[in-house]
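Notes for the one structure printed next.
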Amino acid sequence: MTTVLVLAAALGAVFAVLLAWRPVALRRLTSPPIVTWPGWLTAKPSALPVRTRGIASAGAALAVLLVLSGPLPVTVGLGAALGSVVFLVLGRVETCGAAATRAELVAELPAALDVLAACVASGMPLRSATSAVASACGGPLGARLAAVVSRTSAGFGDGDAWAALRDDGVLGSVARDLARAADAGTAIGALLARHAEAARSAAHAAALARAKAVGVRTIIPVSVCYLPAFFLLGVVPVIAGVLASLLR
């Protein structure tokens with residue numbers, strides 16, 4: 001029991017250090033090492049930060065050590081297993097805010113690409129057209145386009161500025177193609193039109209998926225409303241009649 005308490009105290013100390021730790025400002029400027037993990041181990045970009053997931057997994061492991069009473073190796077093994085599962089699961093779950101932002105981006109992207117294509121077709125440079133669309137959009141999409149405009153204002157080329165969004169979950173494919181087209185000096189009007197059509201199809205599919213999900217989510221409240229009435233009016237009288245016939 002004493003050993004379990006010591007381990008619990010050690011995990012609690014690690015938990016407190018993780019809560020109080022802040023990364024060094026200059027360390028943020030260094031490029032992190034690239035590590036390739038299997039798909040099921042890779043966290044989603046919109047998942048909780050690694051630090052938050054680590055704190056949650058450490059808390060789960062600490063809870064196992066405090067609640068379970070048994071052989072120490074078994075308790076430690078169960079705590080480590082539960083902490084690992086919590087860390088992996090939280091890495092695969094998208095936060096509510098990220099899901100709402102993604103839905104808003106998917107809905108607004110077709111119109112933004114149409115306007116961007118029209119601006120480019122009228123003779124505006126790509127960076128000027130991007131600035132105009134960013135000012136008109138606002139919201140998450142406007143913020144992402146404004147980041148591209150800020151990079152071009154800082155002296156980056158159009159290709160490098162758009163390449164910063166190559167890993168974005170919604171704008172990634174558009175950014176990669178625009179970066180290649182800008183570096184190669186090819187026309188981008190037709191490219192933007194194709195991406196606008198693809199984004200329109202994706203937005204339509206997302207709207208259909210949300211509409212189907214509404215029907216699924218309404219099953220539970222409808223069941224809660226109708227099942228008690230069905231049980232009381234249909235099942236209870238039958239059972240009462242059978243019991244009455246048996247007791248005669």
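Which residues, taken from the range 140-169, are within 12 Å of T130 (Cβ to Cβ), buried (at least 16 other Cβ atoms within 10 Å of the Cβ) and hydrophobic (A, V, I, L, M, F, W, C)? Walk me through it before giving the result.
So in the range 140-169, the residues within 12 Å of T130 (Cβ to Cβ) come out as 141-142, 144-153, 158, 161-162, 165.
Applying the additional criterion that residues be buried (at least 16 other Cβ atoms within 10 Å of the Cβ) yields 141-142, 144-146, 148-149, 151-152, 158, 161-162, 165.
Across the range 140-169, the qualifying residues are L141, L145, A146, V148, V149, A161, W162, L165.
Residues in the range 50-82 that are exposed (fewer than 13 other Cβ atoms within 10 Å of the Cβ) and more than 21 Å from V93 (Cβ to Cβ): how many?
Within the range 50-82, residues that are exposed (fewer than 13 other Cβ atoms within 10 Å of the Cβ) and more than 21 Å from V93 (Cβ to Cβ) number 8.
What about V74, is it in a helix (DSSP H, G or I), without any contact (Cβ under 8 Å) to a residue 40 or more places away in the chain and touching a Cys at 6+ places or on another chain (Cβ under 9 Å)? Spell out how you get there, then give the answer.
Values: in a helix (DSSP H, G or I): yes; without any contact (Cβ under 8 Å) to a residue 40 or more places away in the chain: yes; touching a Cys at 6+ places or on another chain (Cβ under 9 Å): no.
It is false that V74 is in a helix (DSSP H, G or I), without any contact (Cβ under 8 Å) to a residue 40 or more places away in the chain and touching a Cys at 6+ places or on another chain (Cβ under 9 Å).
Can you tell me which residue within the range 198-248, out of those that are charged (D, E, K, R) and touching a helix residue (DSSP H, G or I) at 6+ places or on another chain (Cβ under 8 Å), is farthest from W162 (Cα to Cα)?
Initially, the range 198-248 is screened for residues charged (D, E, K, R), giving 200, 210, 212, 217, 248.
From what's left, touching a helix residue (DSSP H, G or I) at 6+ places or on another chain (Cβ under 8 Å): 200, 210.
Working: R200: 21, R210: 30 Å.
Applying the filter and picking the extreme gives R210.
For V86, work out the one condition from (1) buried (at least 17 other Cβ atoms within 10 Å of the Cβ); (2) within 30 Å of L191 (Cβ to Cβ) it doesn't fulfil.
Here V86 meets the rest and fails (2).
Taking the residues in the range 126-155 that are without any contact (Cβ under 8 Å) to a residue 12 or more places away in the chain and not hydroxyl-bearing (S, T, Y) as candidates, determine which candidate is farthest from A98 (Cα to Cα).
My answer is G155.
Exactly one condition in (1) within 18 Å of R127 (Cβ to Cβ); (2) aliphatic (A, V, I, L, M); (3) part of a helix (DSSP H, G or I) is false for L165; which is it?
(3)
Considering (1) part of a helix (DSSP H, G or I); (2) modelled with pLDDT under 80; (3) closer than 30 Å to A134 by Cβ, say which one A117 fails and leave the rest.
(2)
What are the residues in the range 162-173 that are under 20 Å from D114 (Cα atoms), modelled with pLDDT under 90 and either acidic (D, E) or over 18 Å from the mean Cα position of the chain (by Cα) (or both), if any?
Within the range 162-173, just D168 meets the criteria.
The values are calculated or read from the model by the stated rules, or taken from the named source; none is laboratory data. Keep in mind that this is a model prediction, so the values were computed, not measured. Reconstructed Cβ throughout: ideal geometry from the backbone, glycine too, with neighbour counts over all protein chains shown.
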